[in-house]
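Each remark here refers to the structure printed beneath this line.
The values are calculated or read from the model by the stated rules, or taken from the named source; none is laboratory data. Keep in mind that what you see is a predicted model, and the values were worked out from it rather than measured. Reconstructed Cβ throughout: ideal geometry from the backbone, glycine too, with neighbour counts over all protein chains shown.
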Amino acid sequence: MYEFIQKFHSGWAYLALLVLVVAVVNSFVGMFSKKEFTAKDRKIALFGLIGIHTQLLIGLILYFVSPLGFASFGQMSDKALRLTSLEHPLINIIGVALITIGWSKHKKMVTSESKFKTFSIFYGLGLLLILSRIPWSMWF
């Protein structure tokens, strides 16, 4: 079961990151081109939110069934174990929280420029945090 969840978590990450990158690029394009915020833009951001929340849920399940997760929490001197048991989950939760805040804040915005700017900032920061703590050596 652990190996299936691990492979699903890794596989879903490709899709979640792709959709999140599309949402961030779309928000920057909308912000710099001064276009109107449409239902399509909202759906792109929503798919990014859903994809990354699904990834977080899978990751939390994996964290508690993995020998590299919660079970190895006391071994912080090992750099690889520290990444998988502390840094990766904590930073990614913060990244997902920023993305969620960006989604919530955009609902209160009135202008298209402010909506695109909110998504650019919060989704962009969340994406950067997530990318900074991916265990690349284990992923490829």
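Which one of the conditions (1) of a type outside the set (Ser, Thr, Tyr); (2) touching a residue at least 60 places away in the same chain (Cβ under 8 Å); (3) surrounded by 15 or more Cβ atoms within 10 Å (Cβ to Cβ); (4) closer than 30 Å to Thr118 by Cβ does Gln6 fail to meet, given that it meets all the rest? Condition (4) is where Gln6 drops out.
Against the list (1) modelled with pLDDT under 95; (2) closer than 30 Å to Lys108 by Cα, the condition Ala45 fails is (1).
At least 1 residues being under 16 Å from Leu127 (Cβ atoms) and out of contact with any Leu (no Cβ under 9 Å at 6 or more places or on another chain) is the threshold, and among the helices (runs of 4 or more DSSP H) wholly inside segment 1-109 those reaching it are 2-33, 39-65, 88-106. The set of residues in segment 110-127 that are over 13 Å from Ala23 (Cα atoms) and either in a helix (DSSP H, G or I) or in contact with a Pro (Cβ under 9 Å, 6 or more places away or on another chain) (or both) comprises Ser112, Glu113, Ser114.
For segment 11-40, a residue qualifies if it is among the small types (Gly, Ala, Ser) and either modelled with pLDDT of 95 or more or in contact with a helix residue (DSSP H, G or I) (Cβ under 9 Å, 6 or more places away or on another chain) (or both), and the qualifying residues are Ala13, Ala16, Ala23, Ser27, Gly30, Ser33, Ala39.
Specify which of the listed residues (Met76, Met31) is in contact with a Phe, Trp or Tyr (Cβ under 6 Å, 6 or more places away or on another chain) and farther than 21 Å from Val96 by Cα. Walk me through it before giving the result.
On the way: Met76 fails: in contact with a Phe, Trp or Tyr (Cβ under 6 Å, 6 or more places away or on another chain).
Criteria check complete, one pass: Met31.
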